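Below: the structure, in structure tokens.
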Amino acid sequence: MNSYQSLERKIENAKPVDFSEIIDNVIGLFKKVWLKGFLVILLVSVCAIVASILFSLIGLAPNSNVFMDGFSLEAYMQFYSSSALYSVPQNILIATLTLAFVSAFYRICKQFVSGETVLDDYFYFFKKQYFSKLLMLGIIHTAISTMAQLMFLVPIIYAFVPLAYFSIIFANNPELSEMEIVKASFKLGNKKWFISFGTMFVCGLMGALGILGCGIGILFTISIAYLPAFFIYKEVIGFDDTSEIDLIGRTDDSEH
């Protein structure tokens, strides 16, 4: 089980991570888990669409009428700001659900690389002991991303990397508090920002190639963009420690 102090030490003492090795590992694992990644992307997409419809029906959606009198920079800025603010409740819900599904995906990936029995439980983190923590992480994730969005391009690019580590840190260290997960994510993201951004960008481009398959093909390929964070975490922190996630999983399995 990793304590926050243990994570902090491992991140501070992390050795350089090889770009090409990460990309090779990502491609190798993606060949094995692409279908599981597709199911995660499908679940996230369905949740996002349903949430968007529901929040539009209750009036918590950006007002696109600002363009009724024609497009202008002032109208665009008004729409951009209102979109960021009006979307907060919706984004909290979507961020929470996405963190839950992606964390489950990382749990499955860990089982693959560790040679464990693979259990396709995409709703694993919807259990009561996890979901309340994920909701708080979803609120923090939305707050940070909204502030970065309001400050435009550079803060968004910077914050993208630490935010990408929320799920992998949580999936392997669910016993940590919300703030410890956030601090560990930013510590790892800052420590390995350039390698993280570079590998995520390249894998994002590879995943986007799925759009060539009649558009819908991107659902089958875009999950590859989640894998660089998985392998960077594996290189920096590793999966050697027995964590609460494994202990609870074994207890649950033995009861059935």
Screening LEU137, LEU163 for residues that are under 23 Å from GLY198 (Cβ atoms), crowded, with 16+ Cβ neighbours inside 10 Å and not small (Gly, Ala, Ser) leaves only LEU163
Residue set SER103, SER87; condition closer than 29 Å to ILE169 by Cβ, buried (at least 17 other Cβ atoms within 10 Å of the Cβ) and at pLDDT below 95; output residue SER87
By residue number, the members of the stretch 223-256 that are assigned to a helix (DSSP H, G or I), hydroxyl-bearing (Ser, Thr, Tyr) and at pLDDT below 50 are THR251, SER254
Restricted to the stretch 143-166 and to residues being in contact (Cβ under 8 Å) with a residue 60 or more places away in the chain and assigned to a helix (DSSP H, G or I), the residue nearest to PRO89 (Cα to Cα) is THR146
Checked against (1) surrounded by 14 or more Cβ atoms within 10 Å (Cβ to Cβ); (2) farther than 28 Å from GLY115 by Cα; (3) at pLDDT below 95, GLU180 satisfies every condition except (3)
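The values are calculated or read from the model by the stated rules, or taken from the named source; none is laboratory data. Predicted model only: the values in this text are computed from it and were never measured. Positions of Cβ are backbone-derived with ideal geometry, glycine not excepted, and every protein chain shown enters the neighbour counts.
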